[in-house]
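Colleague: Here's a structure for you.
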Amino acid sequence: MHTLLDVARRGWDELPASVRWAVQDCAGPVERVEPVATGAVSDLVAVLHTASGVHFCKGVEAGNPRGWMHRNEARLNRHLRAVTPALRWAIECDGWTMLGFEHVRGRHPDLTPGSADLPQVAAAHSVMAHALTPCPPMRVQAATARWEGHLDPAVVEGDSLVHTDATPRNILVRATGVTVVDWASPCRGAAWIDTALMVIRLIAAGHTPAAAQCWAAAVPAWTAAPPDKLDAFAAATAVLTREWKADRDQPFARAATAWHRHRAGAP
């Protein structure tokens, strides 16, 4: 039985034979499998070395309560080629949803103060905001609905596709730049939202609120954001993280509170 916080990870050899054959019909005969430890939703995550090349594969069983996120990512991928690896194949077979992406080698960024990765992460946020404004023609949740009851809709409304979960585990630093993966639950909203969320992640990584906002100033979508909207977003996020993340991600919750206090002028 799945829970939202506990995914029963499977190995490639544990998949039904029919699913493995279906994958190989698309990807080619599998010669070697690299298990991948990261990924909070998938039942299987692996790098498949096949006769046709290397594929990043992830899959979910029918009983996974967040399996819809994989199907959503498959539906959206063709609109996101400027910022994320291409989806090569998608399979529904015997209760499994399997996705195969272009394989991109990289490492997760270091967000601590002084890291050489910080300018590249800022550049990636600039590219996302620019490339995905206006929002591609797709059906996607509005930010006003996601933050409904916590923010005046005018604060987060907009016409950009926003990732909303661009954590270090979803960012890959490569020799050619930064790639953002796992576009499973984006929304349509203000172009600065992802940068604002990264400000909180930087504070959690050891930056002062002032230094984190200085980093954000390299992102045009941030500098164009009305300060009163950032103030309101910081205040709402501080409340929401206490409700949503305090038990699982205390550094993020504390960082959100610190950012709100900084913007409110508290000592």
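Colleague: Starting from the range 62-82, keep only residues that are open to solvent by 30 Å² or more (accessible area, probe 1.4 Å), then list their pairs with residues that are part of a helix (DSSP H, G or I) whose Cβ atoms are within a distance under 8 Å, requiring at least 6 positions of separation or different chains.
Modeller: Final answer for the pair search is Ala82/Val127; Ala82/Ala131.
Colleague: Being exposed (fewer than 15 other Cβ atoms within 10 Å of the Cβ) and on the phi > 0 side of the Ramachandran plot is true for just one of Gly206, Gly265. Which residue is that? Walk me through how you get there before you give the answer.
Modeller: Details: Gly206 fails: exposed (fewer than 15 other Cβ atoms within 10 Å of the Cβ).
Checking each option against the conditions leaves just Gly265.
Colleague: Also, I was wondering about something else. Working carefully through the options Ser126, Ser115, find the one that is under 23 Å from Val199 (Cβ atoms) and either in a loop (DSSP other than H, G, I, E, B) or free of Cβ contacts under 8 Å to residues at least 12 places away in the same chain (or both). Give the steps one after another, and end with the answer.
Modeller: On the way: Ser126 fails: either in a loop (DSSP other than H, G, I, E, B) or free of Cβ contacts under 8 Å to residues at least 12 places away in the same chain (or both).
Only one candidate passes the filter, namely Ser115.
Colleague: Against the condition small (Gly, Ala, Ser) and within 30 Å of Leu15 (Cα to Cα), how does Gly114 come out, does it pass?
Modeller: On the way: small (Gly, Ala, Ser): yes; within 30 Å of Leu15 (Cα to Cα): no.
Criteria not met by Gly114.
Colleague: Under 6 Å by Cβ, and 6 or more places apart or on different chains, what pairs join a residue from the range 157-170 that is among the small types (Gly, Ala, Ser) with one that is crowded, with 24+ Cβ neighbours inside 10 Å and part of a strand (DSSP E or B)?
Modeller: Gly158/Gly189
Colleague: Output the number of residues of the range 148-193 satisfying the condition of being assigned to a helix (DSSP H, G or I) and polar (S, T, N, Q). Lay out the reasoning, then the answer.
Modeller: At the first step, the residues of the range 148-193 found to be assigned to a helix (DSSP H, G or I) are 153-156, 168-170, 193.
After this cut, where a residue has to be polar (S, T, N, Q) as well, the list is 170.
Number of matching residues: 1.
Colleague: Shifting gears a bit: Name the residues in the range 124-155 that are touching a His at 6+ places or on another chain (Cβ under 9 Å) and open to solvent by 60 Å² or more (accessible area, probe 1.4 Å), would you?
Modeller: Answer for the range 124-155, where residues must be touching a His at 6+ places or on another chain (Cβ under 9 Å) and open to solvent by 60 Å² or more (accessible area, probe 1.4 Å): just Pro137.
Colleague: Just give me the residues in the range 164-183 being open to solvent by 20 Å² or more (accessible area, probe 1.4 Å), more than 8 Å from the chain's Cα centre (by Cα) and closer than 15 Å to Phe101 by Cβ, in sequence order.
Modeller: Passing the criteria: Leu172, Arg174.
Colleague: Okay, next question. Applying the selection to the range 88-117, what residues are surrounded by fewer than 20 Cβ atoms within 10 Å (Cβ to Cβ), among the hydrophobic types (A, V, I, L, M, F, W, C) and in contact with a Leu (Cβ under 9 Å, 6 or more places away or on another chain)?
Modeller: Trp89, Ala90, Ile91, Val104
Colleague: Residues in the range 136-147 that are touching a helix residue (DSSP H, G or I) at 6+ places or on another chain (Cβ under 9 Å) and either assigned to a loop (DSSP other than H, G, I, E, B) or of a type in the set (Ser, Thr, Tyr) (or both): how many?
Modeller: Here the count works out to 7.
Colleague: Looking for whichever is open to solvent by 30 Å² or more (accessible area, probe 1.4 Å) and hydroxyl-bearing (Ser, Thr, Tyr) here; the options are Thr223, Thr195. Which one fits? Explain how you work it out, then say what you get.
Modeller: Numbers: Thr195 fails: open to solvent by 30 Å² or more (accessible area, probe 1.4 Å).
One residue alone meets the criteria, Thr223.
Colleague: In addition: From the list Ala216, Ala256, Ala232, exactly one residue is open to solvent by 10 Å² or more (accessible area, probe 1.4 Å) and touching a residue at least 40 places away in the same chain (Cβ under 8 Å). Which is it?
Modeller: Only one candidate passes the filter, namely Ala232.
The values are calculated or read from the model by the stated rules, or taken from the named source; none is laboratory data. It should be emphasised that the depicted structure is a prediction, and the values quoted were computed from it without experimental measurement. Methodologically, a virtual Cβ is constructed for each residue, glycine included, from the backbone with ideal geometry; neighbour enumeration extends over all protein chains shown. Accessible surface areas use protein heavy atoms only, side chains included; no ligands, DNA or RNA. Shrake-Rupley method; radii C 1.70, N 1.55, O 1.52, S 1.80 Å.
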